[in-house]
Amino acid sequence: MMTDAKTTVCALLGDPVEHSHSPLIQNSFSETEGVNNIYTAFRLKKGEAGTALKGAFSLGIKGFNITVPHKTDVIPYLCYVDPLAERIGAVNTLVLTEQGYAGYNTDIYGFMRQTEESGFDITGKKVIMIGAGGAANAVLQGLYELGAAGVYILNRSVDKAVQKFGQDERNVILPLNAFKEIPGSGYFCAQCTSVGLFPGNSDSPIEDKEFFEKISYAVDVIYNPEETAFMKKVRACGGKAENGLKMLLYQAVEAFYRFHGVRVSDSGVETARKKLYEKVYGGDGKNNS
Ligand code: ATR
C-alpha cells in the first residue's frame, strides 16, 4: 500500500483490537475503490475516548470504527448522533466534520442488508430474536426497520431484556425455555447471544428440537465457527441458516461510505469477502482465527 502526504487515516478504537478484521476489510475497499486512505487500529482504554477524539480532531483523522468498550461511552463527545444510532444507544462509526465527530451505527445496515439478501421477507411478520446484549440492540432496530410486526425476544435474563427493550405489544420478552409460548412455525430468527462462539463451538442457547422446528430462516450473528451449533440445529430441522460474516462485511461497506462518500463496488465487496473468508476460515475451511 503506497502512502504519500495526501493519504488520509481512519482507525478502529477499542480494547482489545488485535483480533479485529476491520483493517483488512477497510484497506481492501480502499485498494479496490482507489481511495488514498490507510486504516489501522488503536487500543484505547476505557474512559479515554474524549481525550482521544480531541487529539484526533486536531490531527484531522478522517473516521473511526468504535468497538467495545466505547460504543456508548463515546456518545457525549460527538457533535452529532444519527437518530438510528441514538435509538440503538450505541455508535460504531465516527466521521470527521468541521464541528467534531458525527456518530452512526452501521451494524444495523449490515444486518438489514444481509437479511434482505436472504430473500426471506419479514414485512408484517412476527419474528424471533435470541439475546439482549450489544449485538441484539442493533438487530432489534433492524428487524423493525425491515417491517417486522413484532419480535419474540428470548433471553436468559428476562429482567435485563425488559429493562433494555421494554415489554409491550410489539416486544414479547420470554425466558429461553419458554419458547413453547411462541405459536406456530415458519419463523425468521436472529441469534444474537455469544453462545456457540469459538471455542464454545458445541454450545447453543437453546437445545430443544421443538424450538428449531419453528424456524424457517435463521441468522446467527456469530461467524466463528463458520457453522455454529445453532445453525446446525436449524438445518437439521429443515430450516435455512446463515452465519454473521456478511453482516460484518456489510456494516463495513456502510462505514466506508460514511468515511469516504464512496459506494464499494460489487467486485470490491467480493474481493474483501474472499480475503476475510481466507483469514477467518483458512483455505481448508478450518477455523484458524
Ligand atoms: P454484550 O457485550 O454483547 O452485551 P453479553 O453481555 O455477554 O454481551 O451478552 C450477550 C448475550 O448472550 C446476552 O443476551 C446474554 O444473556 P444475558 O442477558 O442473560 O446475560 C447471552 N448469553 C451469554 N452467555 C450465555 C449463556 N451461557 N446462556 C444463555 N445466554 C447467554
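What follows draws every value from the coordinates through simple rules; no lab data is involved. Please read these numbers as outputs of a predicted model, since none were measured by experiment. Counting neighbours? That spans all protein chains shown, and the Cβs are built from the backbone with ideal geometry, glycine included.
A few remarks follow.
- Amide H partners (placed H, <5 Å) of LEU146, local residues excluded: none
- With Rh defined as the Kirkwood radius, the inverse of the mean 1/r over Cα pairs, the Rg/Rh of the chain is 0.98.
- Sorted ascending by nearby beta carbons within 10 Å, beginning with the fewest, LYS71, LYS6 become LYS6, LYS71.
- In degrees, nearest ten, helix 49-59 long axis to first principal axis of the chain (Cα): 40 degrees
- Choice from GLY244, GLY142, GLY55 showing the highest fluctuation, given a GNM over the chain with Cα pairs closer than 10 Å: GLY55
- Paramagnetic label zone (point 7 Å from Cα along Cα-to-C-beta, SER202; backbone N under 14 Å) in the stretch 224-244: 229-230
- Cα-based radius of gyration for the stretch 65-188, normalised by 2.2 N^0.38 Å, reads 1.14.
- Computed from point charges on the beta carbon alone (+1 for Lys and Arg, -1 for Asp and Glu), the dipole magnitude for the stretch 109-243 about its Cα centre is near 140 Debye.
- Residue exposure proxy: ILE61, ILE128, ILE66, ordered by other Cβ atoms within 10 angstrom of their Cβ from fewest to most, comes out as ILE61, ILE128, ILE66.
- Selected from THR67, THR271, THR51 as most flexible by GNM, with the chain as the system and alpha-carbon contacts under 10 Å: THR51
- From phi via Karplus (6.51, -1.76, 1.60), per-residue ³J(HN,Hα) for the stretch 17-33 in Hz, x at Gly/Pro: 10, 4, 8, 5, 9, 4, x, 4, 5, 5, 5, 5, 4, 4, 5, 6, 9
- FRET efficiency, GLU169 to THR123 (Cβ-Cβ, R0 22 Å, nearest 0.05): 0.80
- Across the stretch 109-243, Cα-Cα pairs more than 27 Å apart make up 8 percent of the total.
- Qualifying GluC sites (Glu not before Pro) in the stretch 53-132, DSSP loop, other Cβ atoms within 10 Å at most 10: GLU98
- When the alpha carbon gyration tensor of the stretch 197-289 is reduced to an equivalent ellipsoid, its three semi-axes come out at 29, 16, 11 angstrom, largest first.
- Rounded tilt (10° steps) of 134-145 against the dominant C-alpha axis of the chain: 80 degrees
- Eligible lysines near LYS126 by straight Cα distance, threshold 20 Å, same-chain separation 8 or greater: LYS164, LYS180, LYS214, LYS240
- Mean sequence separation of contacting Cα pairs (under 8 Å, at least six apart), scaled by the length of the stretch 93-201, corresponds to a relative contact order of 27 percent.
- Sequence of VAL68, VAL91, VAL151, VAL172 once ranked by neighbouring C-beta atoms within 10 Å, starting from the fewest: VAL68, VAL172, VAL151, VAL91
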